[in-house]
Amino acid sequence: MAFYNKLGVVSDHIISHVSNLRPSIAQTPPLMVGIQGPQGSGKTYITKQLETILTSPPHNLRVAVLSIDDLYLPYTGLRALFDLDNPLLKGRGLPGTHDVELATRILDSLHRINGENASSVEIPFFDKSLNEGFGDRAASSSTIKGPIDVVILEGWFVGFYPLAGETRLQDKWAREWATEVDRLELGYQNIQFQHIVHVNEKLKGYVELWDKLSVFVQVR
């Protein structure tokens, strides 16, 4: 019951922001919502439940959902990262493994989808089963047509900002992260400080995406 109460609070919060856009939603951009939560926290399930609530009576909102997992680089891009000397990028998930340019184009198009002469937006699908589990962008995609009331972007590090300055990174490394490396699974135990710096630099490219979000929900 507590879960559904919290879900109601989140949906009411989103709806209150949508209400501020009406009655001119057909001419204004959709509400851009970011949902963040650790892996395994249930954010994908919660996002699906929110979509059901928002699209059902009495709200009847038009909702588009986008997962950051569908914005990974294609196989060739991930393969190139795998060949780099950075164990943090030898797989999907961390900043640097996504096609940020594609994500930016998609969010920009969704932001304009309620405007005059706006075209439909193609949302890619990343198939993690391809290439023996390495994954690749699937040939199929989904099409979103306006008008749209709410766009939801969900992902485990949505809204994360890079640490400014190498001094802060060094401090975090010395006080926390370096001692955690020994407890990581095999293959990640050779992580070094420069690998963290590399990922932090990659994270800077995502800030433009987060800046497009108007509402932020964190799943704890």
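What the table below lists for this structure:
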read-out: Residue that is farthest from the chain's Cα centre (by Cα), among those in the range 47-60 that are aliphatic (A, V, I, L, M) and crowded, with 20+ Cβ neighbours inside 10 Å; value: L54
read-out: Residue in the range 54-65 that is assigned to a helix (DSSP H, G or I), in contact with a strand residue (DSSP E or B) (Cβ under 9 Å, 6 or more places away or on another chain), farther than 25 Å from P147 by Cα and free of Cβ contacts under 8 Å to residues at least 60 places away in the same chain present; value: no
read-out: Members of the range 188-208 that are in contact with a helix residue (DSSP H, G or I) (Cβ under 7 Å, 6 or more places away or on another chain) and touching a residue at least 24 places away in the same chain (Cβ under 8 Å); value: Y188, N190, I191, F193, H195, I196, V197, V199, N200, G205, Y206, E208
read-out: Where T104 falls short, out of the listed (1) among the polar types (S, T, N, Q); (2) surrounded by fewer than 17 Cβ atoms within 10 Å (Cβ to Cβ); (3) more than 20 Å from W210 (Cβ to Cβ); value: (3)
read-out: Subset of the range 95-119 that is of a type in the set (S, T, Y) and at pLDDT 95 or above - its residue that is nearest to V199 (Cα to Cα); value: T97
read-out: Some residue of the range 175-186 being loosely packed, with under 13 Cβ neighbours inside 10 Å and under 21 Å from the mean Cα position of the chain (by Cα); value: no
read-out: Residues located in the range 20-39, provided they are loosely packed, with under 11 Cβ neighbours inside 10 Å and either modelled with pLDDT of 90 or more or polar (S, T, N, Q) (or both); value: N20, S24, Q39
read-out: Those residues of the range 109-150 which are β-branched (V, I, T) and closer than 28 Å to R79 by Cβ, in sequence order; value: V121, I123
read-out: Single residue of the range 61-75 satisfying the filter (over 11 Å from the mean Cα position of the chain (by Cα) and not charged (D, E, K, R)) that is farthest from F160 (Cα to Cα); value: L61
read-out: Cβ-Cβ under 8 Å pairs, at least 6 apart or on other chains, the range 122-143 side modelled with pLDDT of 95 or more and of a type in the set (S, T, N, Q), far side loosely packed, with under 14 Cβ neighbours inside 10 Å and not in a strand (DSSP E or B); value: T143/S120
read-out: Yes/no for I196 being more than 22 Å from G159 (Cβ to Cβ), at pLDDT below 95 and surrounded by 15 or more Cβ atoms within 10 Å (Cβ to Cβ); value: no
read-out: Qualifying positions in the range 67-102 - in a helix (DSSP H, G or I) and hydroxyl-bearing (S, T, Y); value: Y75, T76
read-out: Filtered residue count, the range 204-216, keeping only those that are over 12 Å from the mean Cα position of the chain (by Cα) and either part of a strand (DSSP E or B) or among the aliphatic types (A, V, I, L, M) (or both); value: 1
read-out: Matching residues in the range 91-111 - criterion: being more than 30 Å from I191 (Cβ to Cβ) and touching a Ser or Thr at 6+ places or on another chain (Cβ under 9 Å); value: S109
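The values are calculated or read from the model by the stated rules, or taken from the named source; none is laboratory data. Please read these numbers as outputs of a predicted model, since none were measured by experiment. Don't worry about glycine lacking a Cβ; one is built from the backbone with ideal geometry, like all the others, and counts go over all protein chains shown.
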